[in-house]
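Below: one structure, written as structure tokens.
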Amino acid sequence: MGGTPGITVRTRSDLPDLSWSDELRDLTDASPFLGPAWLAAQQKAAPELIPFHTVATRGTGEVAVLPGYLVGDSGDADLDPRSYLGHDADVFPALVLGSPEAYRTEIAFNFWTPALAKTMIDAVVAEARAAGARSVVAPWIAEGPGSGSLVEALDGHGAGRAFWAVEDYVPLNQESWDAHLAALPKKTRYRLREDAQRADELGVEIRRFDGEMISPQLTRIAELITRTQRKHGTPTTRIDVLIQGLIDAGVTVRAYAGIRDGVIVSASVAVRKGRKLYVKWSGTDDAALGERSGVYFPVTFVTAIRDGYAEGLRVVAFGAGSHRAKALRGSHSREITTSLLVLDEELRPDAVEWLHATGEARRRIYEASRPTPEIDETDAVTPSRTLPLFAAEAGGGCCSNG
């Protein structure tokens, strides 16, 4: 236990006793992947994870949560600090901060002070040392409220920071789906219209299932998601257990299913929180549709955005992955940073260099895949102009949100 005046911090703490309704009220702006409902369901799906959560409180009802897990050499590349270092090193046990299945590291909070992140990280690092950890890694810190303070707090202990990826999102800043299309460059608009027609061409009917309606379809949906994760080399967990845990907790989960001849051949699962929809998983039966069927876009991308407009949402978030394809369809992106602290002070300088080198290599890959912003001819820079008058727009990616 530690803290600064007015703030109490507990490490290796139980999660706050908050229902999903409580989270909607008390953790309004936090990602759904960092609250007690998600973390409890994740624990059921991956009981081998050793919780190492840090909770800060102030006053009545003011709470901040930084999830964490103490891991050994489990073989899961996402939880292995060596994946981010790009180099073999003695880094276990490692304290991994964040939600592994969500690929997200941040503090979920309903109060903030300039000292909050530092106070929590000071307690985390001290407890990690006491537990015999050799490294602390915050792999997936996305740009957003509080993220800079989290990185700086780790910097203060000697951590290195590096680029990991970008996560992708679509702001819903038009009045409707039709207005959204009309505001896009012609090529982008054409792609999305083609996407919307693709399901019909494949003979696929798209249906939506909400909450408990998902359960009868869950085995098949989880099978498709797991199959796709394995295809892309992504570590798998019991997706069916996790999703059912969310449903049982009352989380506002939805699934989109592409059905052909009575069989689900493509599916995605998303969580709505407030006015934001988080598309978390997707999967497709490539044997039935072919590896380049393009069914992902009508089932997962277009349908989520259309429903978002119909429900008055502000953002649809797609996580990391398939960056170029989503950028070509008008998505935006923000960077995800890895922060890694090797507690062995002799090894630390080398570790920071390795981390930076790996991060720059990853950045070059992303930069090479980023498409040139598309503009219509009427908006193009004329020969009489000597400087580009439009800003380069970042692109976007599914669903590492995992």
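Could you tell me how far the Cα centroid of the range 227-306 sits from the Cα centroid of the range 73-102, in Å? Rounded to whole Å, the Cα centres lie 26 Å apart.
Please give the FRET efficiency for GLU353 paired with ALA182, using the beta carbon to beta carbon distance and R0 = 45 Å, rounded to the nearest 0.05.
Values: r = 49 Å, r/R0 = 1.10.
Computed FRET efficiency for GLU353 and ALA182 comes out at 0.35.
Rounded to the nearest 20 debye, the dipole size of the chain about its Cα centre is 720 debye, using +1 on the Cβ of Lys and Arg and -1 on the Cβ of Asp and Glu. Applying the criteria of a DSSP loop state and at most 13 other Cβ atoms within 10 Å to the GluC sites (Glu not before Pro) of the range 16-83 yields GLU48.
Based on the reciprocal of the average 1/r between different C-alpha atoms, the Kirkwood radius for the range 173-313 equals 15.6 Å.
Can you tell me which aspartates and glutamates have their Cα less than 16 Å from the Cα of LYS44? Leave out same-chain residues fewer than eight positions away. Filter leaves ASP14, GLU101, ASP240, ASP248. The modelled label-to-label distance for the pair SER19/LYS44, using points 7 Å beyond Cα in the direction of Cβ, is 1.6 nm.
By the scheme Lys and Arg +1, Asp and Glu -1, what is the net charge of all other residues having a beta-carbon under 11 Å from that of ASP307?
On the way: positive: ARG208, ARG254, ARG272, ARG306; negative: ASP210, GLU311.
With Lys, Arg at +1 and Asp, Glu at -1, the net is +2.
Sorted largest first, the spans of the alpha carbon positions of the chain along the three principal axes are 60, 59, 42 Å. Note on the range 90-249: dipole from Cβ charges, positive end direction compared against SER135, GLN174, LEU242; the farthest Cα belongs to SER135.
Quick one: net charge of GLU143's neighbours, Cβ under 11 Å, K/R +1, D/E -1? Charge balance in the 11 Å sphere: -2.
Cross-link partners for LYS326 among the lysines, with Cα-Cα distance under 25 Å and sequence neighbours closer than 8 places in the same chain left out: LYS186, LYS187, LYS231, LYS273, LYS276, LYS280. Calculated mean residue ellipticity at 222 nm for the chain: -9500 deg cm²/dmol, from DSSP H runs with n ≥ 4 weighted as -39500 (n - 2.57), summed, divided by the residue count and rounded to 500.
Just so you know, all these numbers are worked out from the coordinates, no wet-lab data involved. Since the structure is predicted, the reported quantities are computational estimates derived from the model, not experimental observations. Neighbour counts run over all protein chains shown; Cβ positions are idealised from the backbone, glycine included.
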